[in-house]
Amino acid sequence: MPSRRARGDQAEDSAARYLRSVGYEIRARNFSVVGGEVDIIARDPDGTVVFVEVKYRSSNRFGTAAESITDRKIERMRRAVDAYVAEHGVESYRMEALLWDAGDWVWERMVIWEG
């Protein structure tokens, strides 16, 4: 059985493939700063920069993928987003989550925050 990290890497790889298939350009993966990180940074077809949190759940025994995105997790993402936006002069952006819940193998898109 793959490790938790290996499963996470596979989910992020699948998310990146999915985003490319719908016209997103992947700009960075696993961008991190002290106290924060974002799984994928992409540009959508309209030119908006999208910061993506990838959540995978093999079962819902401990809650859904959406339920795992806590206020603390969003704050950690915001730290990384703020750093990236300042460093790269990004004007139009949003934070999203791609959720992959057990059994369905269907991606859901959930907007967390827009700026």
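Taking first residues from the range 12-40 that are among the charged types (D, E, K, R) and partners that are part of a helix (DSSP H, G or I), the Cβ contacts under 6 Å between residues at least 6 apart in sequence or on separate chains come to GLU37/ALA80; ASP39/GLU12.
If you go through the range 79-91 and keep only what is at pLDDT 90 or above and surrounded by fewer than 18 Cβ atoms within 10 Å (Cβ to Cβ), you end up with ARG79, ASP82, ALA83, VAL85, ALA86, GLU87, HIS88, GLY89, VAL90.
Only one of the numbered conditions (1) of a type outside the set (Asp, Glu); (2) modelled with pLDDT under 70; (3) crowded, with 16+ Cβ neighbours inside 10 Å is not met by GLY63, and that is (3).
The values are calculated or read from the model by the stated rules, or taken from the named source; none is laboratory data. Quantities reported herein were computed from a predicted structural model and do not represent experimental measurements. Don't worry about glycine lacking a Cβ; one is built from the backbone with ideal geometry, like all the others, and counts go over all protein chains shown.
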